[in-house]
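Shown next, in structure tokens, is the structure this report addresses.
Nothing in this text is a laboratory measurement; each read-out follows from the coordinates by a stated rule. All values derive from a computational prediction rather than experimental measurement. Heads up, the Cβs are rebuilt from the backbone with ideal geometry, glycines too, and the neighbour counts pull from every protein chain shown.
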Amino acid sequence: MVFPEKICKLVAGENYKTDNIGMSGSSVLIYENKVLKIQEYNEESENEYNMLQYLYGKLPVPKVYAYEISDGKSYLLISKCAGEMACFHKYMKNPGVLCKLLANGLKMLWSIDVSDCPSAQGLSRKLVQAEYNIKNGLVDLDNVEPSTFGENGFKNPDGLLQWLYDNKPEEELVLSHGDYCLPNIFGINDEITGYIDLGKTGIADKWCDIALCYRSLSHNYSGKYNLDENNKYLDYDGLFLFSELGIEPNWEKIRYYILLDELF
């Protein structure tokens, strides 16, 4: 594998393994104390670099060692997060601790002053991007919730998009991760030690992160992501997250943002 010269110098002679967790479509190489993320260069990869720079020192995000663009790809070399992914068995078998960790992570995001945040990721932007994805065949219909389309769902992505435009909720703007799923959060016990995959991070509705977190918890506990058959997670209650957040679930907004994410 050939890397840009600066990246080569920084990882020369180091062994790595490939990370296959997650669904970002990027290639992730794990070194002893560094991570190299290789993906198609686009607005999302550029936003991830900018937000890592913006949030370093404000939140536990990786340090950027290098960011290079070559032959239509971006190469982002960052520090390795301490702790474990929130989807690892240690957390999954302790849903109370896991939900406390995730709630703490959300509260930390919401505590950041966004007055000078360089990235706006609200609905006006998301809906335009969703429309672009539909027109350019970028919606993965093989990876949607079974009920989204079909007999009891929407006729097609265009029908869903129109519903999303017609039912836009009022936004409660905060710093949003944008893809607040278990593999993107690292922790030690209930302390957040890292946020990764910040390509969609910016100012957006707090319920976007809550919705995707709730869905990620539900999917991981349902066994969708090939959990070890020997590990039966029977103690999870979908309301744990809201109890730790100290808020009542807004099911309409949760449904809205889960449906919106079907177009990404």
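Computed from the Cα positions only, the extents of region 64-209 along the three principal axes stand at 44, 41, 33 Å, in decreasing order. Kirkwood analysis of the Cα pair distances in the chain returns a hydrodynamic radius of 19.4 Å. Across the options Ile134, Leu10, Leu198, the greatest Cα extent toward the positive end of the charge dipole of the chain (unit charges at beta carbon of Lys, Arg, Asp, Glu) belongs to Leu10.
Return a whole-number percent for the relative contact order of the chain, with Cα pairs under 8 Å and 6 or more residues apart as the contact set. It comes to 22 percent, rounded to a whole number. Annotation: peptides 29-39, 85-95, 158-168, ranked by per-residue average of other Cβ atoms within 10 Å with the highest first, follow the order 85-95, 29-39, 158-168.
For the residue pairs Lys17/Lys107; Lys135/Lys168; Lys73/Lys126; Lys58/Lys135; Lys6/Lys135, the C-alpha atoms sit more than 26 angstrom apart in Lys17/Lys107; Lys58/Lys135; Lys6/Lys135.
Seen from Leu10, the other residues with C-beta closer than 14 Å to its C-beta sum to a net charge of +2, counting Lys and Arg as +1 and Asp and Glu as -1.
Dividing the radius of gyration of the alpha carbons in region 47-118 by their Kirkwood radius gives 1.05 for Rg/Rh. Using the average count of surrounding beta-carbon atoms within 10 Å as a protection proxy, the listed peptides 99-105, 244-250 rank, highest first, as 99-105, 244-250.
Charge dipole (Cα centre; +1 on Lys/Arg Cβ, -1 on Asp/Glu Cβ; no other charges) of region 1-107 amounts to roughly 640 debye. Rounded to the nearest 20, the Cβ-based charge dipole of region 57-167 about its Cα centre (Lys and Arg +1, Asp and Glu -1) stands at 600 debye. Residue-wise HN-Hα couplings along region 249-260, as the Karplus relation 6.51 cos²θ - 1.76 cosθ + 1.60 with θ = phi - 60° gives them from phi, are x, 9, 5, 5, 5, 4, 4, 4, 6, 5, 5, 4 Hz; Gly and Pro carry x.
Give me the percent of DSSP beta bridges within region 140-207 that run antiparallel, rounded to the nearest 5. So the antiparallel bridges in region 140-207 amount to around 90 percent.
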